[in-house]
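Reading through the structure tokens given below for one structure.
The values are calculated or read from the model by the stated rules, or taken from the named source; none is laboratory data. Worth saying up front: this structure is predicted, and the values here are computed from it rather than measured. Every residue, glycine among them, receives a Cβ derived from its backbone with ideal geometry; neighbour counts consider all protein chains shown. Quick note on the areas: whole protein, heavy atoms, side chains included, nothing else; ligands and nucleic acids left out. Shrake-Rupley method; radii C 1.70, N 1.55, O 1.52, S 1.80 Å.
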Amino acid sequence: MKTIFGHRGVPSVAPENTLASYHAAAEIPELQWIEVDVGITADEQLIMIHDDYLDRTTSMTGEISETLFKDIQQASAGYWFHPKFKEEKF
């Protein structure tokens, strides 16, 4: 039996490391595991994000470790992927 992993959820269907991506993973019966990445904010809160910087996958810029959680919560984690995901948060 082959083990199938979802890398950051299913990033071909929804923005990586978002609830939408994890929900998409849950809809795939063959998928047995999902891999997630965790970052630590300036105020030592955990968020699921792969990169050290917010630039590639959010509407914000800057280093995660230098940004407050309350500010990151306001960012769109899906605007870059498709307009229907613009309200997707961490």
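What the Cα atoms of the chain give is an Rg and a Dmax of 13.4, 44 Å.
If a paramagnetic tag sat 7 Å from the Cα of Glu35 along the Cα-Cβ line, which residues of segment 6-25 would have the backbone N under 15 Å from that point? 6-12, 16-17, by backbone N distance to the label point. With all protein chains present, how much of the accessible area of the chain (probe radius 1.4 Å) comes from carbon and sulfur, to the nearest whole percent? After summing per-atom areas, the C and S share lands at 56 percent.
For the chain, the per residue solvent-accessible surface stands at 64 Å², with DNA, RNA and ligands left out and a 1.4 Å probe.
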